[in-house]
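Trainee: My questions will all concern the structure given below.
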Amino acid sequence: MRNVWIITKRELGAYFGTPLAYVFVVIFVALTGAFAFFIGNFFERGQADLQPFFSYHPWLYLLLVPAIAMRLWAEERKAGTIELLMTLPISTGEAIVGKFLAAWIFIGIALVLTFPMWITVNVLGNPDNGVILASYIGSFLMAGAFLAIGSCVSALTKNQVIAFIVAATICFLMVMSGLELVLGFFRSWAPSFIVDAIASMSFLNHFELISRGVITLPSLFFYFSIIVFFLFANAIIVEQRKAA
């Protein structure tokens with residue numbers, strides 16, 4: 001754990017040592033506020049809650065999280081520093097988890113900076129704070145799943161643009177798999193268990209359930225299993241690249 005924390009601090013410091021961190025935070029906070037209060041018709045709805053705020057998170061993450069993840073390993077490979085990193089007295093797993101945690105903490109900081117919106121709805125009315133807390137937890141978990149996918153893809157290429165596009169595409173497919181438009185296509189010819197399996201793989205379905213205040217074990221298992229699976233795949237890819 002000590003090595004993991006060392007890598008985490010190193011990577012987190014690297015984020016805030018560049019304009020990327022501040023650009024991401026400003027864009028995230030500005031867009032979530034704009035979507036909630038203007039596009040989401042917060043005032044016209046006449047309800048003191050953050051449902052419009054959270055409903056846009058999956059779509060914002062499709063662009064913003066892969067933009068963070070694309071540099072995790074692609075930058076190391078392009079600069080040739082991955083070999084140096086792997087010669088340090090740390091395991092591949094520790095390096096991967098450390099990098100992942102740094103990026104996840106960074107996204108968590110961006111989420112924390114949106115807390116004034118939570119305060120705002122409490123000033124304007126009497127929202128269900130339990131639902132809002134559950135939504136924040138769901139958003140953080142979903143961001144972690146997006147990030148694990150992006151980290152895995154980043155290890156496959158030296159090109160950050162390619163890493164961004166591929167990761168965003170995979171995440172987009174996993175979000176869209178829960179929409180009725182997609183499920184309707186499969187229902188026309190596929191057995192029901194296949195349709196149910198596709199629906200269960202949707203980030204959107206699990207997040208919408210949590211954002212209603214219902215944190216279930218299947219949803220928690222889904223997000224953590226996605227994170228573990230892609231980080232494990234990430235480790236295999238890095239080991240293969242190291243051996244090549």
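Trainee: Based on the alpha-carbon gyration tensor of the stretch 2-243 and its eigenvalue square roots a ≥ b ≥ c, which shape applies: rounded if a/c is under 1.5, prolate if not and a/b is larger than b/c, or oblate?
Mentor: Oblate, because a/c is 1.5 or more while a/b does not exceed b/c.
Trainee: Using only the Cα atoms of the stretch 144-216, build the gyration tensor, take square roots of its eigenvalues as a ≥ b ≥ c, and label the shape rounded, prolate or oblate: rounded if a/c is under 1.5, else prolate if a/b is larger than b/c, else oblate.
Mentor: It comes out oblate by the Cα gyration axes.
Trainee: Could you tell me which of rounded, prolate or oblate describes the stretch 83-160, using a ≥ b ≥ c as the square roots of the eigenvalues of the alpha-carbon gyration tensor, with rounded for a/c under 1.5 and, failing that, prolate when a/b is larger than b/c and oblate otherwise?
Mentor: prolate
Trainee: Taking the chain as a Gaussian network, Cα atoms linked when under 10 Å apart, which of 35, 186, 224 shows the biggest mean-square fluctuation?
Mentor: Judging by the Gaussian network model, the answer is 186.
Trainee: Still on this structure, I have one more. How much solvent-accessible surface does residue 61 expose, in Å² to the nearest 10, with a 1.4 Å probe and all protein chains in place?
Mentor: Looks like 0 Å² after rounding.
Trainee: If you count only protein heavy atoms with a 1.4 Å probe, what accessible area per residue comes out for the stretch 2-243, rounded to a whole Å²?
Mentor: On a per-residue basis, 48 Å².
Trainee: Next question. Roughly how many debye, to the nearest 20, is the charge dipole of the chain about its Cα centre, given +1 on each Lys and Arg Cβ, -1 on each Asp and Glu Cβ, and no other charges?
Mentor: Computed charge dipole of the chain: roughly 580 debye.
Trainee: How much accessible surface does residue 239 have with a 1.4 Å probe, in Å² rounded to 10?
Mentor: Probe radius 1.4 Å; accessible area of residue 239 about 80 Å².
Trainee: Put 12, 63 in order of accessible area, largest first, 1.4 Å probe: what do you get?
Mentor: Heavy-atom accessible area, descending, gives 63, 12.
Trainee: Using DSSP H assignments, which helices in the chain have an axial alpha-carbon span of 15 Å or above and a mean Kyte-Doolittle hydropathy of 0.5 or higher?
Mentor: Span-like helices, by this rule, are 19-34, 57-69, 92-112, 129-154, 160-176, 217-243.
The values are calculated or read from the model by the stated rules, or taken from the named source; none is laboratory data. Just so you know, these numbers come straight off a predicted model, no measurement behind them. Because the Cβ atoms are built from the backbone with ideal geometry, glycine has one as well, and the counts that use them run over all protein chains shown. Ligands, DNA and RNA are excluded from the accessible area calculation, which covers all protein heavy atoms including side chains. Shrake-Rupley method; radii C 1.70, N 1.55, O 1.52, S 1.80 Å.
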